[in-house]
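Notes follow once the structure below has been shown.
The values are calculated or read from the model by the stated rules, or taken from the named source; none is laboratory data. Owing to the predicted nature of the structure, the values given are computational and were not obtained by experimental measurement. For neighbour counting, all protein chains shown are included, and Cβ atoms are generated from backbone atoms with ideal geometry for every residue, glycine included.
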Ligand SMILES: *[C@@H]1O[C@H](CO)[C@@H](O)[C@H](O)[C@H]1NC(C)=O
Ligand SMILES: *[C@@H]1O[C@H](CO)[C@@H](O)[C@H](O)[C@H]1NC(C)=O
Ligand SMILES: *[C@@H]1O[C@H](CO)[C@@H](O)[C@H](O)[C@H]1NC(C)=O
């Protein structure tokens, strides 16, 4: 996907394969949104804004207060470090932050956005817009870490390193590592994609938010063990194959479970991740994406479809979803805690029990590929030749508990690597310590039924 920046911009940028590195400090402040013609539906092409028809000035205050010049109050959140969304006066605005990439050099222009999308809260009157901060933000430079080329990793078959598996099992006893035969059929690039994809990297994941007394009081009353599977509200485990579509499986899995909950299991849909991979402009196909923008924003703005309307192929392609299929919508998507950085263990427990499974993300290190069972904690071990780097992998939180033998608290999580992986396709991971950042960025939305 290529965004050509329109006449508004002072420089040209393309949406390349790394996210910008924009933080709350960069984005908060006063913005001018220049908005094009509002008479469109959700098929509007926002490669460029076109003729500006409306100027709106907005002030964004940390963590989530947006105000306009007429005194209206609204909401905003950062979306990972890639962009931000504002909801005010009956309209929503979302755009990725602008940046340039030159070889390994990345320059984030956090005081500008790419052309983005705006529409009213009823999903009508779509337009394109571009944001520019009133007080300029100095460009931020960083260098991409050394990455092995896609071409190289596509040529290299994965080979099981039995030494590495032994080391994992010797170093700790909380979880067991094993060799998986199906990994031997994959290239190293397939594995990078399986673990999240090159475009799912997040620089600077927030720490969990402090827990208020009120939240602690509510969380303390919850059961000690909880699992949505015991009541049949979780849809079957699937396999994403060698495509970085975990975010789509996580997002569809949340919608499937919450659909079951909403209908007391009288409807058990399986939604199409391929529709997301091929058709969503809010994500990057088999290279990655983020649950907030898919299970949430895409499902609200464009809707999702049944698996049979676009069966899973596990590769990129042109949007081939059956247009005659009805689309199902969700609403009220949000980061747990309300905004990016507002999440913590207690809020995750409360929302899990009250509303249903949550989309969560965590950092995948290469020991995780070999997980067979137990409570996962990153061992700190790395293979010598480690092409994986750390990727951000999206999965589905379905329960929590305490390990009887060790007393270690854990989350129960549905993966999308098939049923032969882990504990019948699930894994448990240590809870309460933000293990691999799993308590930092949970997301939920609600089916519009
Ligand atoms: C990247 O930045 C370095 C240091 O600032 C510079 O020497 C190099 O020429 C830049 N590379 C590209 C491709 O712009
Ligand atoms: C991203 O930006 C933050 C804040 O400006 C900075 O602390 C951090 O080092 C940056 N990360 C990279 C990889 O440049
Ligand atoms: C939900 O379904 C179960 C099992 O069929 C049934 O026992 C229960 O009464 C239903 N609950 C509601 C609120 O309809």
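The condition of being away from ligand 3 (no atom under 16 Å from the Cβ), more than 28 Å from residue 81 (Cβ to Cβ) and in contact with a strand residue (DSSP E or B) (Cβ under 7 Å, 6 or more places away or on another chain) holds for only one of 272, 250, that being 272. Does the stretch 401-410 contain at least one residue that is assigned to a loop (DSSP other than H, G, I, E, B), surrounded by 21 or more Cβ atoms within 10 Å (Cβ to Cβ) and in contact with a strand residue (DSSP E or B) (Cβ under 8 Å, 6 or more places away or on another chain)? Within the stretch 401-410, none of the residues are assigned to a loop (DSSP other than H, G, I, E, B), surrounded by 21 or more Cβ atoms within 10 Å (Cβ to Cβ) and in contact with a strand residue (DSSP E or B) (Cβ under 8 Å, 6 or more places away or on another chain). Looking at the structure I just gave you, is residue 5 crowded, with 17+ Cβ neighbours inside 10 Å, modelled with pLDDT under 95 and over 22 Å from the mean Cα position of the chain (by Cα)? Considered against the rule, which asks whether it is crowded, with 17+ Cβ neighbours inside 10 Å, modelled with pLDDT under 95 and over 22 Å from the mean Cα position of the chain (by Cα), residue 5 comes out as yes. Taken as a whole, the structure places residue 107 among residues that are part of a strand (DSSP E or B), within 16 Å of ligand 2 (Cβ to nearest atom) and at negative phi. Is there a residue being more than 16 Å from ligand 1 (Cβ to nearest atom) and in a helix (DSSP H, G or I) anywhere in the stretch 322-331? Scanning the stretch 322-331, I find no residue that is more than 16 Å from ligand 1 (Cβ to nearest atom) and in a helix (DSSP H, G or I), so the answer is no.
Considering the stretch 201-212, and only residues there that are at pLDDT 90 or above and surrounded by fewer than 19 Cβ atoms within 10 Å (Cβ to Cβ), the residue that is farthest from residue 412 (Cα to Cα) turns out to be 212. Within the stretch 222-238, is there a residue that is surrounded by 20 or more Cβ atoms within 10 Å (Cβ to Cβ) and outside any loop (DSSP other than H, G, I, E, B)? For the stretch 222-238, residues surrounded by 20 or more Cβ atoms within 10 Å (Cβ to Cβ) and outside any loop (DSSP other than H, G, I, E, B): present.
Quick check on this structure: which one of 347, 352 is in a helix (DSSP H, G or I), in contact with a helix residue (DSSP H, G or I) (Cβ under 7 Å, 6 or more places away or on another chain), modelled with pLDDT of 95 or more and farther than 21 Å from residue 94 by Cα?
347
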